[in-house]
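Quick notes on the structure that follows.
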Amino acid sequence: MLNLAVIPVAGRGTSLLPLTKSMPKEMLPVGNKPVVQYVAEELIQNGVHRLLFITGPDKQAIENHFDINPELIRFLRQSGKEDILAELAFEREEADYFYTRQRHQTGLGNAVLCSERFVGDNPFVVALGDTILGYRSRSKIVERMIQVFEQNRDAAAVIAFDEVPLEEVVQYGIAKPKTVSAEKNGGIFGSVFELEDIVEKPALEDAPGNLAVAARYVFSPAIFDYLRKTAPGIGDAVQLTDGIRLMIQDGKTVLGLCLPEDEPRYDIGDFYSYYKAFTDFASLLPPLPSIE
Ligand code: G1P
């Protein structure tokens with residue numbers, strides 16, 4: 001039973017400075033919750049209950065957020081604020097939280113490699129801690145990815161993809177699909193396809209398409225062998241995408257799955273995507289009580 005997710009949250013968040021100078025970008029508020037709480041809740045509702053965060057310097061706020069805070073609970077109870085107490089229900093989610101620190105900030109591939117000893121011989125999910133999937137994180141894509149992984153015994157990875165405008169391919173890992181079997185049924189959405197190649201942040205003219213890695217992956221532990229061999233790539237960082245590419249070149253089966261067309265994806269990567277996420281989620285909140 002695949003029950004473990006690795007959540008990399010070690011990135012510096014430089015595109016969101018000065019907001020992220022002392023605040024992890026994964027803790028930025030979107031509506032009434034920080035980004036990373038949506039990610040944890042999404043995983044839990046997809047049946048993944050063991051969450052290993054790969055943290056870095058100045059990320060302690062994430063650990064504090066998932067801790068139970070007995071003092072705060074007592075204070076709210078004693079002051080009769082039971083309704084506010086309900087907002088802390090997530091503290092009691094059926095989940096185990098684990099943390100390890102990436103000691104050298106050398107890229108996403110290296111961050112995932114930090115989980116190797118903890119993961120052992122089991123398949124696992126990787127969920128990037130700065131991306132919310134679905135309205136209020138109601139996405140079921142991870143559950144579907146786990147099913148696909150378990151039904152395809154020879155698959156070494158299943159990756160979620162999202163179609164992006166061509167000018168945005170430079171921001172993502174981009175797939176070159178081998179098979180697009182469902183094209184006749186109204187496009188690639190919902191269908192499983194095999195990858196022929198994958199490229200991290202290609203230039204527009206080199207992009208093999210516009211299917212972008214959508215921040216969720218299921219891996220067999222074989223990925224670690226390839227990440228160990230992965231040389232620094234774009235940005236002089238060890239890229240997870242390059243590890244996946246080595247795996248494909250070595251003949252392993254890597255499958256892709258597209259997010260449903262109506263499911264939004266919020267990659268909190270810059271101010272524009274952050275504002276969009278915030279305004280969309282804030283508009284879903286109940287109206288503020290009127291002030292007399
Ligand atoms: C990372 C991955 C990229 C992926 C993206 C999804 O990039 O390297 O392949 O498409 O997340 O959000 P980053 O956003 O860290 O630059």
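If you go through the range 152-165 and keep only what is away from the ligand (no atom under 15 Å from the Cβ), over 21 Å from residue 238 (Cα atoms) and either in contact (Cβ under 8 Å) with a residue 24 or more places away in the chain or hydrophobic (A, V, I, L, M, F, W, C) (or both), you end up with 152, 154, 155.
Restricting to the range 129-151, name every residue that is touching a residue at least 12 places away in the same chain (Cβ under 8 Å), out of contact with any Leu (no Cβ under 8 Å at 6 or more places or on another chain) and of a type outside the set (D, E, K, R). Outline the logic, then answer.
Pass one, the range 129-151, residues touching a residue at least 12 places away in the same chain (Cβ under 8 Å): 129-146, 148-150.
When the remaining residues are screened for being out of contact with any Leu (no Cβ under 8 Å at 6 or more places or on another chain), the result is 129-132, 134, 137-138, 140, 143.
Residues satisfying the conditions are 129, 131, 132, 134, 137.
Scanning the range 64-114 for residues that are of a type in the set (Lys, Arg) and outside any helix (DSSP H, G or I) returns 81, 101, 103.
Take the conditions at positive phi, surrounded by 18 or more Cβ atoms within 10 Å (Cβ to Cβ) and of a type in the set (A, V, I, L, M, F, W, C) and apply them to residue 207. Does it pass?
On the way: at positive phi: no; surrounded by 18 or more Cβ atoms within 10 Å (Cβ to Cβ): yes; of a type in the set (A, V, I, L, M, F, W, C): yes.
No.
In this structure, is residue 87 in contact (Cβ under 8 Å) with a residue 12 or more places away in the chain and more than 16 Å from the ligand (Cβ to nearest atom)? Criteria met by residue 87.
Pairs, please: C-beta under 9 Å, at least 6 apart or cross-chain, first residue at negative phi and touching a residue at least 24 places away in the same chain (Cβ under 8 Å) and in the range 97-117, second more than 16 Å from the ligand (Cβ to nearest atom) and among the acidic types (Asp, Glu)? That search, which allows pairs on different chains as well, returns 97/63; 97/67; 99/63.
Please enumerate the residues belonging to the range 205-225 that are outside any strand (DSSP E or B) and either within 15 Å of the ligand (Cβ to nearest atom) or without any contact (Cβ under 8 Å) to a residue 40 or more places away in the chain (or both).
205, 206, 207, 208, 209, 210, 223, 225, listed by residue number.
Candidates 97, 135: the one that is surrounded by fewer than 21 Cβ atoms within 10 Å (Cβ to Cβ), in contact with a Phe, Trp or Tyr (Cβ under 7 Å, 6 or more places away or on another chain) and not charged (D, E, K, R) is 97.
Within the range 7-15, identify whether any single residue is among the polar types (S, T, N, Q) and not in a strand (DSSP E or B), and answer yes or no. It would help to see each step written out before you state the result.
The first filter runs over the range 7-15 and keeps only residues among the polar types (S, T, N, Q), leaving 14-15.
Filter once more, keeping what is not in a strand (DSSP E or B): 14-15.
Yes, because at least one residue in the range 7-15 is among the polar types (S, T, N, Q) and not in a strand (DSSP E or B).
Checking each residue in the range 20-32 for being in contact (Cβ under 8 Å) with a residue 40 or more places away in the chain and not polar (S, T, N, Q) picks out 25, 26, 28, 29, 30, 31.
Scan the range 49-62 and tell me whether some residue there is out of contact with any Lys or Arg (no Cβ under 6 Å at 6 or more places or on another chain) and at pLDDT below 90. Within the range 49-62, one or more residues are out of contact with any Lys or Arg (no Cβ under 6 Å at 6 or more places or on another chain) and at pLDDT below 90. Looking across the range 122-140, the residues that are away from the ligand (no atom under 16 Å from the Cβ) and within 14 Å of residue 159 (Cα to Cα) come down to 123, 124, 140.
So which of 235, 243 is of a type in the set (Gly, Ala, Ser) and either within 18 Å of the chain's Cα centre (by Cα) or at pLDDT 95 or above (or both)?
Details: 235 fails: either within 18 Å of the chain's Cα centre (by Cα) or at pLDDT 95 or above (or both).
None of the others qualify; the one that does is 243.
If you go through the range 239-268 and pick out every residue that is surrounded by fewer than 23 Cβ atoms within 10 Å (Cβ to Cβ) and out of contact with any strand residue (DSSP E or B) (no Cβ under 7 Å at 6 or more places or on another chain), you end up with 8. Filtering the range 93-114 to residues that are more than 18 Å from residue 32 (Cα to Cα) and away from the ligand (no atom under 16 Å from the Cβ) leaves 94, 95, 96, 97, 98, 99, 100, 101, 103, 104. Taking the criterion of being in contact (Cβ under 8 Å) with a residue 12 or more places away in the chain, out of contact with any strand residue (DSSP E or B) (no Cβ under 7 Å at 6 or more places or on another chain) and part of a helix (DSSP H, G or I), the residues of the range 269-283 that qualify are 271, 274, 280, 282.
The values are calculated or read from the model by the stated rules, or taken from the named source; none is laboratory data. Everything quoted here is computed from the prediction, not taken from an experiment. Cβ coordinates were reconstructed from backbone atoms using ideal geometry, including for glycine residues, and neighbour counts include every protein chain displayed.
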